[in-house]
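> Can you read through this structure? Questions will come right after.
The values are calculated or read from the model by the stated rules, or taken from the named source; none is laboratory data. Keep in mind that what you see is a predicted model, and the values were worked out from it rather than measured. Here the Cβ positions follow ideal geometry from the backbone for every residue, glycine too, while neighbour counts run over all protein chains shown. Each accessible area value is taken on the protein alone, full model and side chains, heavy atoms only, with ligands, DNA and RNA left out. Shrake-Rupley method; radii C 1.70, N 1.55, O 1.52, S 1.80 Å.
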Amino acid sequence: QVQLRESAGGLVQPGASLRLSCEVSGRAFGNMAWFRQAPGKEREFVAAFRRSGGGGMTYYGNNVKGRFTVSRDNVKNTLELQMNSLKFEDTGVYYCAATSGNPTSLYMSREDTYEYWGQGTQVTVSS
């Protein structure tokens, strides 16, 4: 049985930082991603980690590049998302996703690439 579970988000002021973790049980995944959905908006790609030999490749959405960092903890089998310089626009429900496949780089930002999803965690940026 596969289960993905995001750590608790939180309420922070603009400019603050938060770190999210996605705990994985049931199996290990080499290819995972973070998505988010703001109120009244479509689900948006945030970041992804693709397995590549002994390391991996990272991908970021245009609106978070330079502020967010995605990484994988191979010991804990978790996917991390370090969020810095948070803005009002970063508010939303953040979802962890994974695929048992091996997509190419062009597919890493696609929602339909991932067959496993967590329930989401709320991140609110407000002054």
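> Can you tell me which residues in the range 26-37 are open to solvent by 50 Å² or more (accessible area, probe 1.4 Å), not charged (D, E, K, R) and not in a strand (DSSP E or B)?
So in the range 26-37, the residues open to solvent by 50 Å² or more (accessible area, probe 1.4 Å) come out as 26-28, 37.
Checking which are not charged (D, E, K, R) leaves us with 26, 28, 37.
Correct list: 26, 28.
> So, in the range 3-20, exactly how many residues are within 18 Å of residue 101 (Cα to Cα) and either surrounded by 13 or more Cβ atoms within 10 Å (Cβ to Cβ) or at pLDDT below 95 (or both)?
Residues meeting the conditions: 1.
> While we're here: So in the range 81-113, with the set limited to residues that are of a type in the set (S, T, N, Q) and touching an Asp or Glu at 6+ places or on another chain (Cβ under 8 Å), which one is surrounded by the most Cβ atoms within 10 Å (Cβ to Cβ)?
99
> Taking the range 45-57, which residues are open to solvent by 60 Å² or more (accessible area, probe 1.4 Å) and assigned to a strand (DSSP E or B)? Break it down into steps so the answer makes sense when it comes.
Restricting attention to the range 45-57, the residues satisfying the condition of being open to solvent by 60 Å² or more (accessible area, probe 1.4 Å) are 51, 53-54, 57.
Those that are open to solvent by 60 Å² or more (accessible area, probe 1.4 Å) and assigned to a strand (DSSP E or B): 51, 57.
> While we're on this one: Does residue 116 count as open to solvent by 40 Å² or more (accessible area, probe 1.4 Å), touching a strand residue (DSSP E or B) at 6+ places or on another chain (Cβ under 6 Å) and free of Cβ contacts under 8 Å to residues at least 24 places away in the same chain?
Taking the combined requirement at face value, the residue does not satisfy it.
> Test of understanding: among 75, 64, which residue is surrounded by fewer than 12 Cβ atoms within 10 Å (Cβ to Cβ), of a type in the set (A, V, I, L, M, F, W, C) and not in a strand (DSSP E or B)?
Matching residue, one of 75, 64: 75.
> Further question on the same structure: Condition first: without any contact (Cβ under 8 Å) to a residue 60 or more places away in the chain and outside any helix (DSSP H, G or I). Now tell me which residues in the range 94-109 satisfy that.
104
> Here is a follow-up. From the list 35, 49, which one is of a type in the set (Phe, Trp, Tyr), more than 16 Å from residue 100 (Cα to Cα) and either at pLDDT below 95 or under 11 Å from the mean Cα position of the chain (by Cα) (or both)? Reasoning before the result, please.
On the way: 49 fails: more than 16 Å from residue 100 (Cα to Cα).
After applying the criteria, what remains is 35.
> Is it true that residue 23 is more than 19 Å from residue 125 (Cα to Cα), acidic (Asp, Glu) and either open to solvent by 10 Å² or more (accessible area, probe 1.4 Å) or touching a residue at least 12 places away in the same chain (Cβ under 8 Å) (or both)?
Answer is yes for this residue.
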